[in-house]
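Q: Before I ask anything, here is the structure I am working with.
Throughout, read-outs are computed from the coordinates displayed, never taken from laboratory work. Note that the coordinates shown come from a computational prediction; the quantities given were computed from them, not determined experimentally. Every residue, glycine as well, gets a Cβ built from its backbone with ideal geometry; the counts of neighbours run over all protein chains shown.
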Amino acid sequence: MLSQICKLWGLIVISLAVILIGCADEVGGVYLVEGQESTLHAVADQVTTVYFTAGDSWTATPTVDWLETSPQSGEGGRNSVSIITRLPNRTRKERIGQVIIASGGKQQTVQVVQLNEYASFEPKVYEVGPDGGEVNMSFETNIERGTLLLSYMKFDWVKMPNETANTRSDEWKGKVKTIMILPNDTPAERSAPFVLGIYDEKKQFLGLDTAWVQQKAMAVAVEP
């Protein structure tokens, strides 16, 4: 009967970015639903929800600093807990963390897989004089060509090479097409962010790294 319940819950919980390990075999413990392995992206603030039944009050405790849970504890009965990637994965390697759900002297382990996709600007700040000029950004990435995108805010003093945000990239190194910065005839410095990222399965843009164009102000003449 218990195995049937586990399988039923497994059908309900889809697209979980976790490996849910086993079901409890004793009354009063923690009963996790069975799930299939999937993954979270390398960015922060990715969330997945785990459903379970606890025979008593329970706690959910991450074993790594890049995960957090909400709520962290609760009462017995049917429950759910959100597992959040608190930090981005900048290790350039896939990594696995765990969350321990404990109740009534028993515990179950939830494994979370965080991917290793990365895109890194080098340098991250591009300074431009008040007269304007060209900016040529470079980056490194392990994201395949055609998947990596450049997101940017539209400013009237920043002229992009075309209307799309696609980058021209190779597997490990790439360059953003030349960006033109117009002269700054104001007395204030100004800046513009550029974000490398990808779209996830829900078509949401996930930013992986940010570079800034900073333009100096035009010098103001001082009257004698």
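Q: Please list, in chain and number order, the residues 5+ apart from residue 95 or on another chain whose amide H is under 5 Å from its amide H, with Hs placed from the backbone.
A: For residue 95, the qualifying residues are 114.
Q: Counting other Cβ atoms within 10 Å, keep those with at most 15, restrict to DSSP loop, and tell me which chymotrypsin sites (Phe, Trp or Tyr not before Pro) in segment 82-162 are left.
A: 155
Q: So if each residue of separation counts as 0.36 nm, and I subtract the Cα-Cα distance between residue 45 and residue 180, what length gain in nm does that give?
A: Between residue 45 and residue 180, full extension yields 45.3 nm more.
Q: Please turn the phi angles of segment 46-52 into ³J(HN,Hα) values with the Karplus equation 6.51 cos²θ - 1.76 cosθ + 1.60 (θ = phi - 60°), one per residue in order, whole Hz, x for glycine and proline.
A: After applying 6.51 cos²θ - 1.76 cosθ + 1.60, I find 7, 10, 9, 10, 10, 10, 7 Hz.
Q: Give the order of 209, 156, 200 when sorted by the count of other beta carbons within 10 angstrom, beginning with the fewest.
A: Lowest count first: 156, 200, 209.
Q: Hey, another quick one. Please list, in order along segment 73-80, the HN-Hα scalar couplings obtained from phi with the Karplus expression 6.51 cos²θ - 1.76 cosθ + 1.60 (θ = phi - 60°), rounded to whole Hz, x for Gly and Pro.
A: After applying 6.51 cos²θ - 1.76 cosθ + 1.60, I find 7, x, 8, x, x, 6, 9, 9 Hz.
Q: I've got another one for you. Contour minus end-to-end for residue 64 and residue 113, with contour as 0.36 nm per residue of separation and end-to-end as the Cα-Cα distance? Could the numbers behind the result be given before it?
A: On the way: separation 49, 0.36 × 49 = 17.64 nm, distance 1.20 nm.
Gain on extension, residue 64 to residue 113, equals 16.4 nm.
Q: For a 22 Å ceiling on Cα separation, which of these pairs sit above it: 124/177; 124/216; 177/203; 93/154?
A: Too far apart for the 22 Å limit: 177/203; 93/154.
Q: Residue 41's amide H: which non-local residues (gap 5+, or another chain) put their own amide H closer than 5 Å, with H modeled 1.01 Å from N in plane and none for Pro or chain starts?
A: 115
Q: Please list, in chain and number order, the residues 5+ apart from residue 189 or on another chain whose amide H is under 5 Å from its amide H, with Hs placed from the backbone.
A: Those qualifying (amide H under 5 Å, at least 5 residues apart or on another chain) are 217.
Q: Return the FRET efficiency for the residue pair residue 125, residue 94: r is the Cβ-Cβ distance, R0 is 25 Å, and the value is rounded to the nearest 0.05. Walk me through the numbers on the way to the answer.
A: Working: r = 30 Å, r/R0 = 1.18.
Once rounded, the FRET efficiency stands at 0.25.
Q: Same structure again: Taking segment 101-161, which trypsin sites (Lys or Arg not before Pro) meet the DSSP loop condition and have no more than 16 other C-beta atoms within 10 Å? If you can, show how the numbers build up before the last one.
A: Working: sites: 106, 124, 145, 154, 159; in loops: 124, 145, 154.
Here the sparse-neighbourhood loop sites are 124, 145, 154.
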